[in-house]
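Asker: Dropping the structure in here first, questions after.
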Amino acid sequence: MDDRNHVRDGIVSVGGNIVGLCIPSTVIGNDGEKIYINSRDGIASFKPDGAESFWEALIKSGSILFGSAEEVAQSAAYLKNPRLSRTTSYLCTESSNCADLIKKVCNIASANVVIIGCGGIGSLAAMNLAGAGVAKLTLIDHDTIEESNLNRQFFWTKQHIGLPKVNVLRSEIFARYSDIDVSTESSLLDINSIVSLADAHDACIVIADEPLGISANIAALSRAFVVSDAYFHRYSCYFARFSSCEIGTSSINWSRGPNIIAPSFGPANTEIAGAISSLCLNYLSDRHSLDSVNVNYAWRSNRLANQQ
């Protein structure tokens, strides 16, 4: 490398011109004979015998996001922003170039999401979305905080018992991210009102468990991207629907037993919240290129999700 061809502070220059951004999660190894570059497209190796092999390894491993000088500068600015840097680093690995990265970051930053049910899973999903830079959240839950919530709902303490969940969650979000727009609704809404709310947002996360089947009903009726979850006995699951995907129906009407206690297992709640937050954010970042989504996944909570 020389003064005209180099990678400095993550900026790639060729022939004296800025041409790209080095993927910030790229790592370099050395076994004494070869140098290894590990980036989003895999591992590439080269012998340190010239600049040409270095550049070939960078390109082969997918280490460079190419773009104009202006696009590279904007991408680098996102990576220097403490609020956005970690999410941007992830999005770098999912972007085809700097322009695509900028589009993804802007899509998330302009998104508005409604979350129906703000207990163990919904509250974690809300915080994940807020942390990723979603601009506007609408939180809906008519429940107040109970002592039995504390095993898995991490944003409240005993001092919050009796308070509306949405009010406390909004305060916790504002304590971390003062620039986000958060609205709340603590009254019990009917299905038509919920569908109207969902249709007014870019995405709808449904974690409410009352009445039974509410998530499937919203997914069937709403035009929005709908993500939901369930835990039943020892099983965890999630689904996502968009663009008039068909919902299965059953002739059986289920009801809760008189002594039911929901098996709301803290680690499973956290796992589900991470999965649905990731689904939602990846959809929001690239929503304009997706025509349909139809995802179903279930696993036993005492096993890793990929060991079913």
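Just so it is clear, none of the values below were taken in a lab; they were calculated from the coordinates. This structure is a prediction, so every number in the text was calculated from the model and none was measured. Here the Cβ positions follow ideal geometry from the backbone for every residue, glycine too, while neighbour counts run over all protein chains shown.
Asker: List, in order, the whole-Hz ³J(HN,Hα) value for each residue of segment 5-15 obtained from phi through the Karplus relation with A = 6.51, B = -1.76, C = 1.60 and θ = phi - 60°; use x for Gly and Pro.
Answerer: 10, 6, 10, 10, 6, x, 9, 9, 10, 10, x
Asker: Taking amide H positions as placed 1.01 Å from N in the peptide plane, with prolines and chain starts having none, which residues 5 or more places from ILE145, or on another chain, fall under 5 Å of its amide H?
Answerer: GLY162, LEU163, LYS165
Asker: For a Förster distance of 35 Å, can you work out the FRET efficiency between the beta-carbons of ASP190 and ARG300, rounded to the nearest 0.05?
Answerer: In this case the efficiency is close to 0.50.
Asker: What is the fewest-to-most order of PHE155, PHE174, PHE66, PHE225 by other Cβ atoms lying within 10 Å of their Cβ? Please report the intermediate quantities before stating the final value.
Answerer: Values: PHE155 19, PHE174 13, PHE66 16, PHE225 24.
The fewest-first ordering by Cβ neighbours comes to PHE174, PHE66, PHE155, PHE225.
Asker: While we're here: Using 7 Å Cα-to-Cβ label points, what is the SER183/ARG4 separation (nm, one decimal)?
Answerer: Result: 5.7 nm between the two label points.
Asker: Same structure, new question: If you average the C-alpha positions of segment 87-150 and of segment 52-84 separately, how far apart do those two centres end up, in angstrom?
Answerer: Taking the Cα centre of segment 52-84 as reference, the centre of segment 87-150 is 25 Å away.
Asker: Further, regarding this structure: What dipole magnitude, in Debye to the nearest 20, does segment 58-203 give about its Cα centre under +1 on Lys/Arg Cβ and -1 on Asp/Glu Cβ?
Answerer: On the way: 12 positive and 15 negative charges, 122 e Å.
I would put it at about 580 debye.
Asker: Okay, next question. Regarding segment 1-88, what is the average projected area of its C-alpha convex hull, in nm²? Don't skip to the end; give the middle numbers.
Answerer: Details: hull surface 23.5 nm².
It is 5.9 nm².
Asker: GluC sites (Glu not before Pro), restricted to segment 7-101: which are DSSP loop and have at most 16 other Cβ atoms within 10 Å? Working shown, then result.
Answerer: Numbers: sites: GLU33, GLU52, GLU56, GLU70, GLU71, GLU94; in loops: GLU33, GLU94.
Within segment 7-101, the qualifying GluC sites (Glu not before Pro) (loop, at most 16 other Cβ atoms within 10 Å) are GLU33, GLU94.
Asker: If R₀ is 41 angstrom, what is the calculated FRET efficiency for the pair ALA77 and ASP49, using the beta carbon separation as r and rounding to 0.05?
Answerer: E(calc), rounded to 0.05, equals 0.70.
Asker: Could you give me the ³J(HN,Hα) list for segment 137-144, computed from phi with Karplus coefficients 6.51, -1.76, 1.60 and θ = phi - 60°, whole Hz, x at Gly and Pro?
Answerer: Ordered by residue, 3J(HN,Hα) equals 10, 10, 9, 10, 5, 8, 7, 9 Hz.
Asker: Here's something else I'd like to know. Setting aside same-chain residues fewer than 8 positions from LYS60, which lysines have a Cα under 17 Å from its Cα?
Answerer: LYS34, LYS47
Asker: Set the Förster distance to 30 Å, then compute FRET efficiency between PHE174 and ALA200 from the Cβ-Cβ distance, nearest 0.05. Can you show the working numbers first?
Answerer: Working: r = 22 Å, r/R0 = 0.74.
About 0.85, to the nearest 0.05.
Asker: Another one. Tell me, HIS6, HIS142 in order of fewest to most beta-carbon neighbours within 10 Å? It would help to have the intermediate numbers written out before the result.
Answerer: Numbers: HIS6 13, HIS142 16.
Final ranking by Cβ density, sparse to dense: HIS6, HIS142.
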